[in-house]
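Please read the structure below before turning to the comments.
The values are calculated or read from the model by the stated rules, or taken from the named source; none is laboratory data. Note that the coordinates shown come from a computational prediction; the quantities given were computed from them, not determined experimentally. Glycine also receives a Cβ, built like all others from the backbone with ideal geometry; neighbour counts cover every protein chain displayed. In case anyone asks, the SASA skips ligands and DNA or RNA and just uses the protein heavy atoms, side chains included. Shrake-Rupley method; radii C 1.70, N 1.55, O 1.52, S 1.80 Å.
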Amino acid sequence: MTDVVARMAGGVAAFDAAEWDACAGDDNPFVSHAFLSALEDSGSAVAQAGWQPVPIAIDGPDGAPVAILPAYAKSHSQGEYVFDHGWADAWERAGRSYYPKLQIAVPFSPVPGPRLLLRDPNLAPALIAAAEAVVEQNDLSSAHATFIEGDQLRFFEAAGWLIRADRQFHWYNRDYTDFDGFLDALSSRKRKAIRKERAAAQEGLEFLHLTGDAIEEKHWSAFWRFYQDTGSRKWGRPYLKRKFFSLLGQRMGDKVILMLALRDGVPIAGALNLVGSDTLYGRYWGCTEEVPFLHFELCYYQAIDAAIARGLARVEAGAQGEHKLARGYLPVPTFSAHHIPDPGFRRAVADYLEQERRMIASNIAVLAEESPYKKGF
C-alpha cells in the first residue's frame, strides 16, 4: 500500500456537508453531517462535555475527503453504551491515565452503523492505522470503535483490534401489510397479550406521527420535557441540549418521526425515531403522565406500525431490554473493537472479552429459543 496522509480536523462542522456525506452514504442517518454537526453546534458533543470532536480524514487528489473516521477525544466513558469503566479503574490503579481516549462513535447513540466512512473501501486499513497513530503520537491509553456494522468488523479484526460483543433486540418486517399481519405470526398467548397492552395504552389518548415541517418548535419543547425526565432518571442529567432537537428538525426533519401521545390535545409522552434507507431507529422517549404500557406502545408498537407503513425492513429500538422479546423484537449481536497498545493491559482485556463473547453468544441462543413467533416464522 502506498503511503497515505491522514489529517485531524477540529470538528464535523469543519467539513463540507456534501463531501462528508459522500463518504458516509445515505443509509444510516446517524453518521450524516447533519446529525453529527447538530451535536456539535448545539453544544451536546463538544470538549466541555467530554466529547472533543477530532474527526480523522484522508483526502483524495482533488482535496476532498475519501475516507473519514467520526472520532472524539473522550475525558470520561459516559454516553457510549459499551461500558469500559472497569478497564479505566484498572489502568488508573496501575498509575496510568486512561483518559483522554480516542472514541470512534456516534455520541449518545447505541446504533450499529459504519464507523469507517469510505468513498474508497481500499482505504479502510489506512484509516484504522491513522487512528492507531493518533493513539501512539499522543500517548493515549486506547482507541475504541463502538457499534460497528457487521460488514466493517473484518477491517478491525485484520488490524488486530480486540473484538467485544453485546446484544440488542431488533424487529424484522416479514412483508407484513399491517400490524395484524405481524400479530398473526406470533403465538396465540403473545398475540393476546399485545392486544391487551395496546388497548390499555391507547385508551383515551390520541397518537401523532410527525415528520418534516409538521414538527414545530412547540412539539420539540414538549418532547424536551419528556427527554429531560427520562434523562435525569437514567443518567443523572440529560446528554443532549435543547438546541439539538431544533437543529435536528431544521437539518434533517425528513428523516425524523416524532411520535406523540396526547390526552385532550395535550402531549403527555413522546418517542423520537430516525429513518434510514431500510431501518427505523428508535431513540429517546419520555412522559409526564404514567400510563400502563404506554412506553411499549410508543417505542415498540407504534414503531412497528410506522415501519410497516413505510416498507422498512426492521426496527432497531436501542440498547438492552429483554422485555422487547415478548413484543416481537429478536436478539442480535452487536460489536465494538478496541485498540490497546500496552501488551499487559491488552492481554488482560483480551482474556475478559473472550469469556464475555461466549456468555453473550450463549445468552442470544437461549433468548432465541424463547421467540414469541410461531414455529416456522
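Counting only helices (runs of 4 or more DSSP H) that fall entirely inside the stretch 126-206 and contain at least 2 residues that are under 20 Å from Pro331 (Cβ atoms), the qualifying elements are 150-158, 188-202.
Scanning the stretch 314-336 for residues that are open to solvent by less than 60 Å² (accessible area, probe 1.4 Å) and either without any contact (Cβ under 8 Å) to a residue 60 or more places away in the chain or among the β-branched types (Val, Ile, Thr) (or both) yields a count of 3.
In the stretch 317-332 there is at least one residue matching the filter, namely being part of a loop (DSSP other than H, G, I, E, B) and either modelled with pLDDT of 95 or more or of a type in the set (Asp, Glu) (or both).
Looking only at the stretch 34-54, residues that are free of Cβ contacts under 8 Å to residues at least 60 places away in the same chain, surrounded by fewer than 23 Cβ atoms within 10 Å (Cβ to Cβ) and in contact with a helix residue (DSSP H, G or I) (Cβ under 7 Å, 6 or more places away or on another chain) come to 2 in all.
Does Asp89 satisfy the criteria of being open to solvent by 30 Å² or more (accessible area, probe 1.4 Å) and modelled with pLDDT of 95 or more? So Asp89 fits the description; yes.
Go through the stretch 340-359 residue by residue and tally those that are surrounded by 19 or more Cβ atoms within 10 Å (Cβ to Cβ) and in a loop (DSSP other than H, G, I, E, B). Of the residues in the stretch 340-359, 1 are surrounded by 19 or more Cβ atoms within 10 Å (Cβ to Cβ) and in a loop (DSSP other than H, G, I, E, B).
Yes/no matrix, rows are residues, columns are (1) touching a Gly at 6+ places or on another chain (Cβ under 9 Å); (2) open to solvent by less than 10 Å² (accessible area, probe 1.4 Å); (3) at positive phi:
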position	(1), (2), (3)
Pro112	yes, no, no
Asn122	no, no, no
Ile128	no, yes, no
Gln137	no, no, no
His144	no, yes, no
Glu149	yes, no, no
Glu157	no, no, no
Gly160	no, no, yes
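So that you can scan it fast, the table gives a plain yes or no per residue for (1) open to solvent by less than 40 Å² (accessible area, probe 1.4 Å); (2) assigned to a loop (DSSP other than H, G, I, E, B):
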position: Ile268; (1), (2): yes, no
position: Pro292; (1), (2): no, yes
position: Glu297; (1), (2): yes, no
position: Gln302; (1), (2): yes, no
position: Leu312; (1), (2): yes, yes
position: His338; (1), (2): yes, no
position: Ala361; (1), (2): no, no
position: Ile364; (1), (2): yes, no
position: Ala368; (1), (2): no, no
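Taking the numbered list (1) within 21 Å of Val66 (Cβ to Cβ); (2) touching a helix residue (DSSP H, G or I) at 6+ places or on another chain (Cβ under 7 Å); (3) open to solvent by 10 Å² or more (accessible area, probe 1.4 Å) in turn, Arg164 passes all entries but (1).
Filter the stretch 270-290 down to the residues that are farther than 15 Å from Thr230 by Cα and in a loop (DSSP other than H, G, I, E, B) and list them by number. Of everything in the stretch 270-290, those that are farther than 15 Å from Thr230 by Cα and in a loop (DSSP other than H, G, I, E, B) turn out to be Gly276, Ser277, Asp278. What do you reckon, is Ile257 surrounded by 19 or more Cβ atoms within 10 Å (Cβ to Cβ), assigned to a strand (DSSP E or B) and either β-branched (Val, Ile, Thr) or modelled with pLDDT under 95 (or both)? In short, yes. Do we have Ala185 as open to solvent by 20 Å² or more (accessible area, probe 1.4 Å), in contact (Cβ under 8 Å) with a residue 40 or more places away in the chain and closer than 30 Å to Ala368 by Cα here? The answer is no for Ala185.
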